[in-house]
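**Q** Structure below; questions to follow.
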Amino acid sequence: MPEEHRSHAEIMVVVTALMLAMLLAALDQTIVSTALPRIASDLNGLSKYSWVATSYLLASAVATPLYGKISDMFGRKKIFQSAIIIFLVGSALCGLSQTINQLIIFRGIQGIGAGGLMTLVFAIIGDIVPPRQRGKYQGYFGAVFATSSVVGPLLGGLFTDHLSWRWVFYINLPLGALALAAIGTRLHLPVRKTPHKIDFAGAGLLAVSVVSLLLGTVWGGVDYPWGSAQIIGLFSTAVVAALLFIWRETKAAEPILPLRLFKNDIFRVTTLLSLVVGIVMFGALIFLPQYQQIVRGDSATKSGLMLLPLIVGLMTASLTSGRLISKIGRYRWFPISGTVFITLAFWLFSHITATTSRVELGIWMYILGLGIGQVMPVLTLAVQNAVDRKDLGTATSSVVFFRTIGSSLGAAIFGAILSNRLAHHIMQNVHGAAGEQAAQSLKQSATGIAQLPATVRHAVLNAFASSFHDVFLVGIPFAVVAFVIALALKEAPLRGSAPGEAPPDHGL
C-alpha cells in the first residue's frame, strides 16, 4: 500500500513491529559490550578482546549490501525474517562457546544476521514514510536505542555478576521469537516478482577485500611487524580485491553496489561520513566499559550504569533533531554540529587518567552522546531522500555498510593501539622481569591484576589508563576529518511525497 494511503495508526502498527526487531539488534550491541571484559578473561582471551566485536562487525559489513540488494529485488519481509533467524542461531551458539576462538566464529554468524536487521528496518521505513514526515518517527526509534542503551548495560552487568555472561546471548532467543511473530503478523508489504541475478562474484571480492583489510589492521604491530610479508600481503590483497570489485561492479547486470550512486553528491558524502564516524564512535563505545572495569575496578553492572550520561545525550540529540528536521525540513547543520561535539568529547577523553572523577567522565560521555545523536539518524534520512525508490534498499544498506566497516576498523585500530601501548607503558612503569611477566599475563586475562603486589598493581593500572589516553588521542584526527566531511554535505529539500517520486537532481 503506498504510504500516502496509510494513516498514522496503520504506520504505527508497522513501526511497532520494526521497533521490536531493532531492539533485538540494538540491545545485543550494548549488552555484550558491558560483559565483554569478563567474557575475554573467563575464556583466557584478553589479547583477542577486540576480535569478539570485530568478527561480528566484519560479518555484518559483508552481509549488509547483500541484504539491501536482495530486498530490493525480492521484497523485504521474508529477507527480514531470514536475517532474524540467522541472528538467533548465532546467539544460541555464542552462548554455548567454550573458547574465545569459538566465540569469535559464532559472533561472525550472529553478525551475518545482524547485517539485515538495521538495514531492512530503515529501508522498510523508507518504503512507507515520506522523508519530510520521517523525523516524527525517528523519535520512536531513538527511544528504542535509548532503552536498549540503558537496559543493555544493566542486563549485561546483572547477568555477568549474578548469573552467567552466557545469558547476554540467550536473552536474544525470546526477544527474537517475539520479533518474528510481530513481523509475521504486522508487516505487510507488496512483493515485486521479476527475474533477477545476484552478483555473487562481486560479493566475494568485497568480502575478500574487507576481511584482508581488517586482518591486516588487527594483526599489524601485534602479531606481526607492520613491515612483515604477512601484513603487506594482506593490505595488498585488500587493494587488489577492491579494484577487482570496482571492475566487477561495472560489468555486473545487477551490481550489489551500483557505482552510479557515487555520482550522487549526497550519497557520496553520507557514505564517507558514515565510515569515519563509525571509526570514531565504536572506538569510544567498546573501550569505555573496559576502562571502567579494569582501571576503576567497577563491576559489570556499575560500568553499565556509568554509560547512562552518554545514552541521555544520544537520546536527547536524536529526539530533538528528528522533531526539528520534520518541522523545518532541513538537516545539513545537524551532522556538522554533531561532529563538533564528537571532536570535543574525544579531546576531553584524551585527558583520561586512573583518577579522573566520575563527574568529569559523565560530562564527557554526555557530550559524546549529543554528537552521535545528531549525526547518525540524519545520514540515513539524507541518502534515502536523495535516491530513487528502486535504489532505496541499496542506498540504505550502503550507509549501514560503511558505518559497519568504520566500526570494524575502529575496533581493530584502537584495539591494536591499546595492546601496543599497554605493553609499552607496563614495561615503562614496571621494570625488569616483573614487567615482562605482567605484560604477558595481561594478554590473556585481567583478573590477575588484583593478585599483584600493591606497587606493581598501581603501576599496571596507570599503564592501562595511559593506554586509554593514547587511544582517544589517536581518535581526535578522525573526528576532525568527520567534521570536514560533514561540511561538504549538501542540503536537499525533504520530499513530502512517495519515495517512488523522482528526487531532485543532486549530481546523479
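**Q** Would you please list the contacts, defined by Cβ atoms under 7 Å and residues six or more apart or on different chains, that run from a residue in the range 162-188 that is more than 18 Å from V32 (Cβ to Cβ) and in contact (Cβ under 8 Å) with a residue 60 or more places away in the chain to a residue that is surrounded by fewer than 18 Cβ atoms within 10 Å (Cβ to Cβ) and of a type in the set (A, V, I, L, M)?
**A** Close Cβ pairs (under 7 Å, with a partner that is surrounded by fewer than 18 Cβ atoms within 10 Å (Cβ to Cβ) and of a type in the set (A, V, I, L, M)) amount to R186/V13.
**Q** Given the conditions (1) out of contact with any Phe, Trp or Tyr (no Cβ under 6 Å at 6 or more places or on another chain); (2) assigned to a helix (DSSP H, G or I); (3) farther than 23 Å from A482 by Cα, report the number of the one that T320 does not fulfil.
**A** With respect to (1) out of contact with any Phe, Trp or Tyr (no Cβ under 6 Å at 6 or more places or on another chain); (2) assigned to a helix (DSSP H, G or I); (3) farther than 23 Å from A482 by Cα, T320 is out only on (3).
**Q** Also, quick follow-up: Considering only the range 356-368, I want to know if a residue exists there that is among the polar types (S, T, N, Q) and in a helix (DSSP H, G or I).
**A** Scanning the range 356-368, I find no residue that is among the polar types (S, T, N, Q) and in a helix (DSSP H, G or I), so the answer is no.
**Q** I would also like to ask the following. Could you please give the count of residues in the range 321-338 that are closer than 20 Å to L273 by Cβ and not hydrophobic (A, V, I, L, M, F, W, C)?
**A** The total comes to 8.
**Q** Please go through the range 402-430 and pick out each residue that is charged (D, E, K, R) and surrounded by fewer than 24 Cβ atoms within 10 Å (Cβ to Cβ).
**A** Residue satisfying the conditions is R421 alone.
**Q** Also, quick follow-up: Given the structure, is L310 at negative phi, surrounded by fewer than 24 Cβ atoms within 10 Å (Cβ to Cβ) and assigned to a helix (DSSP H, G or I)?
**A** Considered against the rule, which asks whether it is at negative phi, surrounded by fewer than 24 Cβ atoms within 10 Å (Cβ to Cβ) and assigned to a helix (DSSP H, G or I), L310 comes out as no.
**Q** Quick one: what pairs do we get from the range 107-125, first residue surrounded by fewer than 24 Cβ atoms within 10 Å (Cβ to Cβ), second among the acidic types (D, E) and assigned to a helix (DSSP H, G or I), C-beta under 8 Å, 6+ apart or different chains?
**A** From residues that are surrounded by fewer than 24 Cβ atoms within 10 Å (Cβ to Cβ), there are no pairs.
**Q** Follow-up question, since we're still on this one. Test V52 against the criterion of being assigned by TED's automatic domain parsing to the domain that holds A411, buried (at least 24 other Cβ atoms within 10 Å of the Cβ) and in a helix (DSSP H, G or I), and give yes or no.
**A** In short, yes.
**Q** Within 21 Å of V399 (Cβ to Cβ), within 22 Å of the chain's Cα centre (by Cα), surrounded by fewer than 24 Cβ atoms within 10 Å (Cβ to Cβ) and modelled with pLDDT under 85: does that describe L319?
**A** Taking the combined requirement at face value, the residue satisfies it.
**Q** Tell me which residues, restricted to the range 306-338, are within 11 Å of L370 (Cβ to Cβ) and either touching a Lys or Arg at 6+ places or on another chain (Cβ under 6 Å) or polar (S, T, N, Q) (or both).
**A** Selection gives T316, S318, T320, S321, S337.
**Q** Okay, moving on. Among Q81, Q110, which is the only one that is more than 30 Å from V218 (Cα to Cα), modelled with pLDDT of 85 or more and assigned to a helix (DSSP H, G or I)?
**A** After applying the criteria, what remains is Q81.
**Q** Another question, if that's okay. Looking at the range 373-389, is at least one residue part of a loop (DSSP other than H, G, I, E, B), in contact (Cβ under 8 Å) with a residue 40 or more places away in the chain and either among the aliphatic types (A, V, I, L, M) or under 20 Å from G338 (Cβ atoms) (or both)?
**A** yes
Residue by residue, here is whether (1) of a type in the set (D, E, K, R); (2) part of a helix (DSSP H, G or I) holds:
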site: R248; (1), (2): yes, yes
site: E254; (1), (2): yes, no
site: F262; (1), (2): no, yes
site: F267; (1), (2): no, yes
site: T271; (1), (2): no, yes
site: L275; (1), (2): no, yes
site: I279; (1), (2): no, yes
site: Q290; (1), (2): no, yes
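**Q** Going through R268, R330, R260 one at a time, which residue ends up being more than 28 Å from G152 (Cα to Cα), touching an Asp or Glu at 6+ places or on another chain (Cβ under 7 Å) and in the same structural domain as S164 (by TED's automatic domain parsing)?
**A** Matching residue, one of R268, R330, R260: R330.
**Q** Still on this structure, I have one more. So which residues in the range 471-497 are buried (at least 16 other Cβ atoms within 10 Å of the Cβ) and at pLDDT below 85, if there are any at all?
**A** A492, L494, R495
**Q** Every residue in the range 84-106 that is assigned to a loop (DSSP other than H, G, I, E, B) and either crowded, with 24+ Cβ neighbours inside 10 Å or not β-branched (V, I, T) (or both), please.
**A** L96, S97, Q98
**Q** Something else: Quick one: count up the residues across the range 341-352 that are in contact (Cβ under 8 Å) with a residue 60 or more places away in the chain, in a helix (DSSP H, G or I) and surrounded by 19 or more Cβ atoms within 10 Å (Cβ to Cβ).
**A** Within the range 341-352, residues that are in contact (Cβ under 8 Å) with a residue 60 or more places away in the chain, in a helix (DSSP H, G or I) and surrounded by 19 or more Cβ atoms within 10 Å (Cβ to Cβ) number 5.
The values are calculated or read from the model by the stated rules, or taken from the named source; none is laboratory data. What you are looking at is a predicted structure, and each value in this text was computed from that prediction instead of being measured. We place every Cβ from the backbone using ideal geometry, glycine too, and count neighbours over all the protein chains shown.
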